[in-house]
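A short write-up of the structure that comes next.
Laboratory data are not the source of any read-out in this text; all were calculated from the coordinates shown. Computed from a predicted model, the values in this text were never measured in an experiment. In this analysis, Cβ positions are derived from the backbone assuming ideal geometry, glycine residues included, and neighbour counts consider all displayed protein chains.
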Amino acid sequence: MLYLAWTTVSDANEAEQLAKQAILKHLAACAQIETIKSFYIWEKNLESCPEYRLCFKCSKEQLNSLQAFILGNHSYKVPEWIALEASQVSEKYLSWVQGSSTA
């Protein structure tokens with residue numbers, strides 16, 4: 001099974017460090033970073049800020065370890081963590097993910 005997992009951070013350096021470390025620790029096969037603009041309510045105020053969204057692709061076996069790593073190294077008080085199982089994945093790509101995300 002392939003999982004896609006997302007989090008957001010406010011700093012490009014933090015995004016890059018989380019992505020690189022997750023890959024080097026074999027917690028995910030791939031990490032992508034994109035710039036976004038977020039709107040949300042925080043402490044009863046409407047907030048808007050640029051953020052960096054990280055998307056990780058990992059196997060089911062690595063998902064809990066990836067989550068623990070991201071949440072343990074995240075700078076936000078309430079970090080976003082959303083993970084979904086992919087419903088369709090090519091066999092070749094899934095095989096690569098499974099091979100890449102295990103130590």
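Quick notes on this one:
- Against the chain, whose longest principal axis is taken from its Cα atoms, helix 60-72 shows a tilt of about 30°.
- Most mobile of ALA68, ALA83, ALA29 in a GNM of the chain (Cα contacts under 10 Å): ALA68
- Net charge dipole size for the chain [Lys, Arg +1 and Asp, Glu -1 on Cβ; Debye, nearest 20]: 180 debye
- Relative to one another, the C-alpha centroids of the range 18-34 and the range 63-89 are positioned 11 Å apart.
- The three principal axes of the C-alpha atoms in the chain carry coordinate ranges of 45, 26, 21 Å, sorted with the longest axis first.
- Taking the chain as the region of interest, the number of lysine pairs whose Cα atoms are within less than 22 Å, with members eight or more places apart or on different chains, is 9.
- Counted charge near ALA86, where neighbours are those whose Cβ lies closer than 11 Å (Asp, Glu -1; Lys, Arg +1): +1
- Ellipticity estimate at 222 nm from DSSP helix runs (n ≥ 4, -39,500 (n - 2.57)) divided over the chain, nearest 500: -11000 deg cm²/dmol
- Highest-MSF residue in the chain out of SER90, SER75, SER38 [GNM, Cα springs under 10 Å]: SER90
- Highest-fluctuation residue, GLU91, GLU43, GLU80 considered, GNM on the chain with Cα pairs under 10 Å: GLU43
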